[in-house]
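Structure record follows, encoded as structure tokens.
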Amino acid sequence: MWIVSMILVVVASLMLLARHILVGKHKAEVERRKAEAISRARCTYCGGQNVPRTKKCTYCGAPLR
């Protein structure tokens, strides 16, 4: 009986570890996307910070990539 209990403990521990790894990867992906959106919103010509998904810089009018 104790062997079954130990197997359940090991399985539960592995499931928690897998969840921890997946949550960490998700957070890293969210942070990467935030940083990418911020860098895309910065004008390469004047350096002005624009709202993400803007077509032209609100400061100088240069096209954003």
Give me the number: length gained by fully extending I3 to H26, i.e. 0.36 nm times residue separation minus the C-alpha to C-alpha distance, one decimal in nm.
4.8 nm
Scan [x] 74, 14, 13; [y] 41, 19, 16; [z] 48, 20, 16 for the value of Cα extents along the principal axes in Å calculated from this model and give just the label.
[x]
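Rule-based calculations on the coordinates, nothing more; no lab input. All values reported here derive from a predicted model rather than from experimental measurement.
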